[in-house]
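The values are calculated or read from the model by the stated rules, or taken from the named source; none is laboratory data. Bear in mind that the values here come from a model prediction, so they are computed numbers and not experimental data. Because the Cβ atoms are built from the backbone with ideal geometry, glycine has one as well, and the counts that use them run over all protein chains shown. Quick note on the areas: whole protein, heavy atoms, side chains included, nothing else; ligands and nucleic acids left out. Shrake-Rupley method; radii C 1.70, N 1.55, O 1.52, S 1.80 Å.
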Amino acid sequence: MTQQGVRWTADQVLAMAPDAASRKAGSKLGAAGPWSEAGSTDEGTVWGLCKGSGSKPYQTVIDIADAAGPAYKCSCPSRKFPCKHALGLLLLWAGGEGSVPPAPPPDWAEQWIKGRRQRAEDKRTAGASGSSTASGDPEAARRRAERRAVRVTAGATELEQRLADLLRGGLAGAEQAGYGLWEETAARMVDAQAPGLAARVRELGAIPASGPGWPVRLLEECALIHLLDQGWLRRERLPDALSDTVRSRIGLPASADGPPVRDRWLVLAQYDTADVKLTTRRIWLYGADSGRTALLLSYGAAGRAPELALPVGLALEAEVVAYPGAGQLRAALGEQFAPPEPTAIRPPGVTTAEATARYGEALRDDPWLDSVPVTLDRVVPTPDGDSWQLADADSDTALPLTPAARARPGLWHLVALSGGEPVKVFGECGHRGFTPLTAWPEGEGKAVRLC
Amino acid sequence: MNSPSVPADSPAPAAWEELVTAALLGTDRRTPPGSAPGREAPVALLDTAAVETVRRRAGLKPARAAQRPRPAPEDPRPALPPAAARRLAMLLADRPGGGGGRRGTAPDLMELLPQWLATANDRGFAPPPETLPALLDAARGRTDLRPAALTFAGPRAVWLARLNPDWRFALRATPGGGASLPHLDDPAEVQQLWQEGLFAERVALLSAIRSRGPAAARELLTTTWATERAEDRLMFLDSLRTGLGPDDEAFLEQALADRSRNVRATAAELLSALPGSALAARMAVRAAACVALDHTRDVPTITVEAPHECDAGMERDGVVAKAPAGRGERSWWFGQLVEAAPLGTWPGRLGGRTPGEIVALPVGDDWQGELHAAWCRAAVRQRDGEWARALLGSPAAPEAGGPGAVSLAERAKLLGTLGPAERAEWVAGFIATHGLSEAFQLLGVCAVPWSGPLGRAVVDALNIARDAGSYPWSFSGVMGLAERCLDPAEASRLDGLLAVPDEPEDASPGAGGYWAEAFQRLVTTLRLRAAMLDELEIPSPSGV
């Protein structure tokens, strides 16, 4: 493969940035000025020296061709990952202005690359030869799982009691009780090692302040927690797949153990959500040959971007391994056979009516689903009073946007892209409405990120 | 209701309502509907609610479509080349306001946006639609960017601005409130807009017509002149500056009798810019009466006898009678007379001398400042290059940098009357003699990119300032200009300046490093500009 083939666009580089400040700082460094001795190889290694405030320039090296995603190393003290120097150097390289000419790598860059590739190779051979060593003593693991199940059962039983008390006294009382009640209950669920229940309970606390219609939303969410509790308490009587779904919703660990699916995976969307402790990154993939949609989740400590980054609009040849559970789309990225490359692939789309039907069907396997990933074909972003909807170009139906989607700047990118004409939109469709994540113009044109 | 729509086939919405009511009040007070016997009431309620919730969600159907927006008008311009589109996204992503402090070696991308937009507009490209929100935001934040940004953003941006109140300004800033101007060849359409349009629309219409045919605009204006409000008359009159010519004289003479003092003053100013006008001739007579050549001294000397009164005729011709505070009345009147008199008057009045010889003449009784300043204003107003040259003098003259008769601001205006090459040459000469500390204003009127000699003069002067050991931020204004205005082709010539020099003993501490950094940024910015311009090349049809 030629280097030109894997050369990224600036958009793709900037998609790697951990935050807006890094994006800006990286953009400024994406010019030849501060760089010296920059170079690259056809195998996808890029390096350079960047003049900083100190006397010694920073050494920055990036391995783009690594099958596990790009890897960065920089001698700067930044805790951001990738740092602004890595972003700047990639931008310089992406700009293709001849500032990063092909060259043999200098010693300091080559040592790191070689070391990395060696470690990756070791890991691969080790993983192939003895994967059972990782799980340790199976008997001990079984005992640990049993102990945990007992605690979760105790937690679920306690939560059922609390929900019953709440319904006995009435939801109206919940409005006065405020946040503290839920925080305390959530903490009890953390103690019970049921993080999925804890997260759901914590969200209950926000509902009474969420505006008109809150009693309906509160009842719905209480009922679904009740359903989850009951599912756990009766898990032996559930079909295996549904039981796995309940376990994953409760928050018990599982490992991706499905059969690997090799495909050309189009990166449909990548976005982060953050709370005080954790940044969660969601990456939606679409398999060009299998037609499957898969969700990759990765995590970073607060303020740091998760390491896995896949630029929207590219496709990569890779294996994807599903997690257990009925209707679960979560998967893990397995072996990558080539770095992400620009592609003309677009996912096939459906109408708005088909989208809601798809959500309805998905609830059969997983009644706790908030939304399903859907690509809508030929929809027109349409203002609807204070709100917006995506209206089918060819029929009289439409999906309202979720409140979160209406508040995002991406809405205006979508409206501008459409210009009142039909576009193709990928997003999440559920009971709150539709959240657009990526759009394509009707004719030619690349994917436009909306998140 | 938080769902996309009411589930169409929900069997019993009433049952759900009852369930919600029971949940709200509590099962102690209200028995929920459909309670299965043998189940505790709250649990039974949760059971039913869980089934209903999943049923309601599974039964969701799309909502009715609202009235779809009318599609945006077609943008016939070709799309930006991909590299240029990426560059634009990057320039737009660089928002100002990231903590102040030292500027470091990184270029200020936002400063390059005006140049990028100007080039893209010159070459007639259309923006990628998804960049329109950022373009509109940039235009909203910076009024100086607005015209170029809106021109580039094109018709779809105006369409978009109708949908978002944050961007209303784009509707106001675009002539015709976003609708394009009528076909100027269609008299009915023109008449209708002129009669019924908003003020801004009418100004835009008049300006557009004026730039195509001065007489047509004047005739259009004449049709409604008598009924326009004074502020509007002033603005309309001002639009006659474009393509001002002798044919406008009759109209302007009539405006000299206007009810509004501001309209009268503007009419007089415009007339005085027409050297052949009757007003100019009257002013010439008045001014000439004040200025004489005294041959009785050792060298011929100009003597000035300022007017003793401002009569009604002078006032009618636009002379403002009341002097501003701190100025003598007579010198105030005198300045206005000379400023409005055609410069062609003076060689005849002063012994057949050329402008250069006239400017060199001594002036008696401290009148030189007043007289030369008035000539400067006249040269600018009448766009007289020969007089401007004479008043500017030699750029290397010792007084050119000092507090001489002609201020830097006046020099900058005088330079504006010269051609770009001559302007650049004069400023280069000025910088070579006087350095950079006074040059900022003068550089501002030079054409971009700077000519070779001018660019070299600036870089040499920066280099000299560095060698003298001063700090680069004393020159940050000129540095910033150089980043935007130096010809990118000069970047390679600067390579020698990037090293940190040895510090001389009397230099400011650390200055060498800061200079290296400043030159670093200059070179980086120039390279970036060169890359920017390359990316905006119209792609060759054969491909690359």
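Observations, loosely collected:
So that you can scan it fast, the table gives a plain yes or no per residue for (1) within 29 Å of B:Y514 (Cβ to Cβ); (2) at pLDDT 75 or above; (3) facing another protein chain (nearest Cβ under 9 Å):
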{"site": "A:T2", "(1), (2), (3)": "no, no, no"}
{"site": "A:T9", "(1), (2), (3)": "no, no, yes"}
{"site": "A:V13", "(1), (2), (3)": "no, yes, no"}
{"site": "A:S22", "(1), (2), (3)": "yes, yes, no"}
{"site": "A:S36", "(1), (2), (3)": "yes, yes, no"}
{"site": "A:D42", "(1), (2), (3)": "no, yes, no"}
{"site": "A:V46", "(1), (2), (3)": "no, yes, no"}
{"site": "A:L49", "(1), (2), (3)": "yes, yes, no"}
{"site": "A:Y58", "(1), (2), (3)": "yes, yes, no"}
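- Members of segment A:343-364 found to be open to solvent by 10 Å² or more (accessible area, probe 1.4 Å), over 18 Å from A:A223 (Cβ atoms) and either of a type in the set (D, E, K, R) or in contact with a Cys (Cβ under 6 Å, 6 or more places away or on another chain) (or both), listed by number: A:R346, A:E354, A:R358, A:E361
- Any hit, segment B:58-70, residues being in a loop (DSSP other than H, G, I, E, B), more than 7 Å from chain A (Cβ to nearest Cβ) and modelled with pLDDT of 90 or more: yes
- Qualifying positions in segment A:159-184 - hydrophobic (A, V, I, L, M, F, W, C) and either more than 9 Å from chain B (Cβ to nearest Cβ) or without any contact (Cβ under 8 Å) to a residue 24 or more places away in the chain (or both): A:L159, A:A164, A:A174, A:A177, A:L181, A:W182
- So B:E483, is it at pLDDT below 80, within 14 Å of another protein chain (Cβ to nearest Cβ) and either crowded, with 17+ Cβ neighbours inside 10 Å or in contact with a strand residue (DSSP E or B) (Cβ under 6 Å, 6 or more places away or on another chain) (or both): no
- Checking A:S298, A:S255 one by one, the residue that is polar (S, T, N, Q) and touching a residue at least 60 places away in the same chain (Cβ under 8 Å) is A:S255 and no other.
- Residue check, B:A373 open to solvent by 10 Å² or more (accessible area, probe 1.4 Å) and either touching a residue at least 12 places away in the same chain (Cβ under 8 Å) or touching an Asp or Glu at 6+ places or on another chain (Cβ under 6 Å) (or both): yes
- Test: residue in segment A:212-227 that is open to solvent by less than 20 Å² (accessible area, probe 1.4 Å), among the small types (G, A, S) and modelled with pLDDT under 95: no
- Any hit, segment A:246-263, residues being open to solvent by less than 50 Å² (accessible area, probe 1.4 Å), in a helix (DSSP H, G or I) and within 14 Å of chain B (Cβ to nearest Cβ): yes
- Condition broken by A:E183, with the remaining ones in (1) modelled with pLDDT of 95 or more; (2) surrounded by fewer than 18 Cβ atoms within 10 Å (Cβ to Cβ); (3) acidic (D, E) satisfied: (1)
- Here the helices (runs of 4 or more DSSP H) wholly within segment B:216-318 that include at least 2 residues being exposed (fewer than 12 other Cβ atoms within 10 Å of the Cβ) are B:312-316.
- Whether a residue is surrounded by fewer than 16 Cβ atoms within 10 Å (Cβ to Cβ) and either in contact with a helix residue (DSSP H, G or I) (Cβ under 9 Å, 6 or more places away or on another chain) or within 14 Å of another protein chain (Cβ to nearest Cβ) (or both) was assessed, and A:D137 does not pass this test.
- Scan of segment A:407-439 for residues that are farther than 27 Å from A:G213 by Cα, assigned to a strand (DSSP E or B) and open to solvent by less than 10 Å² (accessible area, probe 1.4 Å), ordered by number: A:V423, A:V425, A:F426, A:T438, A:A439
- Which listed residue, of A:S387, A:S371, A:S418, is over 19 Å from A:V350 (Cα atoms) and among the hydroxyl-bearing types (S, T, Y): A:S387
- Hits in segment B:38-57 (condition: under 30 Å from A:V379 (Cβ atoms), of a type outside the set (V, I, T) and either facing another protein chain (nearest Cβ under 7 Å) or not in a helix (DSSP H, G or I) (or both)): B:R57
- Of the residues making up segment A:83-118, those that are more than 14 Å from chain B (Cβ to nearest Cβ) and of a type in the set (V, I, T) number 1.
- Selection within segment B:428-445 - at pLDDT 85 or above and either outside any helix (DSSP H, G or I) or under 20 Å from B:Q115 (Cβ atoms) (or both): B:L443
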